[in-house]
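Here's the structure we're looking at; comments come further down.
Nothing in this text is a laboratory measurement; each read-out follows from the coordinates by a stated rule. Here the structure is a predicted model, which is why all the values come from computation and not from measurement. Note: ideal-geometry Cβ built from the backbone for every residue, glycine included; neighbour counts use all protein chains shown.
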Amino acid sequence: MNLFSSSIVGLHSTNQSKHPEKVIKLLKNVQKYEPQSEDEFYKIVESIYYISEEYTHNKRIQMWICHCISNLALNEAYAERIVNTGGWKLICTILNQFKNDATCSWKACSALWNLSRPESVHSNLNVNPLPTIFDLLELHIGNMQVIYTCFGALGNLVIAIPEYFF
């Protein structure tokens, strides 16, 4: 494990978790980091979940969590592991909580889009985000980043869980 990954994992046991700006700085690094092993991946995801619980009401941190999960989920094996460890539910919760914020909505829908891509996760998408996504299309009608990611997520979801649509 390198210095960066040990820093993010170290959030559990240090006072860094009490300094939002330090947490955001670490999350900015996570969103562009490729884990070097499966063990490191799980420790990073566990730390992301921990940060999310510590900062439930911090919109900026929750947005960065969505961004990190979205980028990790570009790797389909990672997407499957994230869904199977509660990441889908976490992103749906963040999306619903911060749906009035365009940036948070954009990043959360991007995460849903990437997480719903692998066919292997379709049966584990156990929280229905459609009502919130439809709200976003109305709330952020002029924001193309939000609109594009909403339709990207909807495109995957109609294949993954058609029963949510019909």
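Quick notes on this structure:
- Cβ crowding within 10 Å averaged over residues, with 155-166, 105-116 ranked highest first: 105-116, 155-166
- Taking other C-beta atoms within 10 angstrom as a stand-in for reagent exposure, ASP39, ASP101 fall in the order ASP39, ASP101, fewest first.
- With K and R counted +1 and D and E -1, the other residues having a Cβ less than 10 Å from that of CYS68 yield a net charge of +3.
- Unit charges at the beta carbon, dipole of the chain: most positive-side option, ASN96, HIS140, VAL121: HIS140
- Ranking GLY152, PRO162, ASN71 by how far each Cα lies toward the positive end of the dipole of the chain (charges on Cβ) leaves ASN71 at the top.
- For segment 33-91 versus segment 96-166, the inter-centroid distance based on Cα atoms is 17 Å.
- Net charge dipole size for segment 42-166 [Lys, Arg +1 and Asp, Glu -1 on Cβ; Debye, nearest 20]: 220 debye
- Cα-based reach from LYS89 at 17 Å (exclusive), listing aspartates and glutamates while leaving out same-chain residues under 8 positions away: GLU46, GLU53, GLU54, GLU80
- Label of the coordinate-derived value, Kirkwood radius over Cα pairs in Å, listed as (i) 15.8; (ii) 18.7; (iii) 25.8: (i)
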